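Throughout, read-outs are computed from the coordinates displayed, never taken from laboratory work. The structure presented is a predicted model; accordingly, all values stated were derived computationally and were not measured. When we count neighbours, we look across all protein chains shown, and the Cβ atoms used for this are built from the backbone with ideal geometry, even at glycine.
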């Protein structure tokens, strides 16, 4: 098996995530700021980029990954025996506004360090061209969680800037489709449907602004490793931004539709709200990267066939 060492490397990199999933399954959810679900998506990116890689990784490098994985597992375990309480206790010293985002932030910082360090040991500086999506997705999530921890709701003006426009557009869609009554004022939407009135206040995470940042980081790293003309890279990047904005419009629309047609119960709404965004964004990002890879692989094969035919005709 030519890439046996690569498979072993994937399993070693996945070991802290698999340990956490087995030992602390309740800590995994699809919400971007309420659990470790992002670990699974990061591993999906890593596995997708490494599987099939025709490289032989020296045993010394694989052994080094074992020690890094062990340290990461020790960190995850220590959270359950006092470290998480310590992180919570020191949060006021740093003027943290949202405790949960603060504690999950450290999970993603540690995992990002583990991914980047592991990739560097395995592939050296080439890792950014071999498998950038997973580590950079984890770094991006850590950054977003830190912003949410220190600047929640609408305290970070630049990220909140686009929200009123998305809210107004959503109110227009609801009215145009005759789904209920919707009026927008700044980042607040007043809804009235089958289950009565409901005021929906939208902040930048709920509007999916964080997904634009994460998309940009992952996509830039992904395009960096692809050997395609700059104009095509720019085209794919812009198409992805448009698609991500579209997903964010659907995100807000789905939240509104839930209130209008399903329930105005706050607890039910929060349960739906906590997973709705990531259920849409992460599959979209994964599928978009696969589509770009498929298109460019086919294009390069056609170019190669054309070149071979031209060489034969000479």
Open item on the list: So if the hydrodynamic radius of the stretch 1-96 is defined as the Kirkwood radius over C-alpha pairs, what does Stokes-Einstein give as its diffusion coefficient at 4 °C and 1.567 mPa s, in µm² per second?
Closed with: 85 µm²/s
Task: Tilt relative to the chain, helix 4-23 - C-alpha long axis, 0 to 90 degrees, to 10 - done: 30 degrees
Open item on the list: Given N residues in the chain, what is its alpha carbon radius of gyration divided by 2.2 N^0.38 Å?
Closed with: 1.13
Open item on the list: Run the simple label-point estimate for residue 300 and residue 266 please: 7 Å along Cα→C-beta, distance reported in nm.
Closed with: 5.4 nm
- [ ] Could you work out how far apart the two model spin labels at residue 71 and residue 26 are, taking each label as a point 7 Å from the Cα in the direction of the beta carbon, and quote it in nm?
- [x] 3.0 nm
- [ ] Grab the eigenvalues of the alpha-carbon gyration tensor for the stretch 58-171, scale each by 5, take roots, and send me the semi-axes largest first in whole angstrom.
- [x] 32, 22, 9
TODO: Between 273, 195, 210, find the one with the highest GNM mean-square fluctuation for the chain; connect C-alpha pairs within less than 10 Å.
DONE: 195
- [ ] On each of the three principal axes of the Cα atoms of the stretch 155-314, give max minus min coordinate, whole Å, ordered largest first.
- [x] 75, 31, 26
Task: Calculated P(r) of the stretch 97-140 - Cα pairs past 13 Å, % - done: 55 percent
TODO: Compute the distance in nm between two label points, each set 7 Å from the Cα along the Cα-to-Cβ direction, one at residue 7 and one at residue 63.
DONE: 2.3 nm
- [ ] Please give the helix 59-78 orientation as an angle from the longest Cα principal axis of the chain, in degrees from 0 to 90, rounded to the nearest 10.
- [x] 20 degrees
TODO: Grab the beta carbon distance between residue 85 and residue 308, set R0 = 51 Å, and tell me the FRET efficiency rounded to 0.05.
DONE: 0.20
Task: Cα long-axis angle, helix 133-150 against the chain (0 to 90 degrees, to the nearest 10) - done: 30 degrees
- [ ] Determine which residues of the stretch 214-249 fall in the zone a paramagnetic label at residue 125 would reach in this model, i.e. backbone nitrogen under 16 Å from the point 7 Å along Cα→Cβ.
- [x] 225
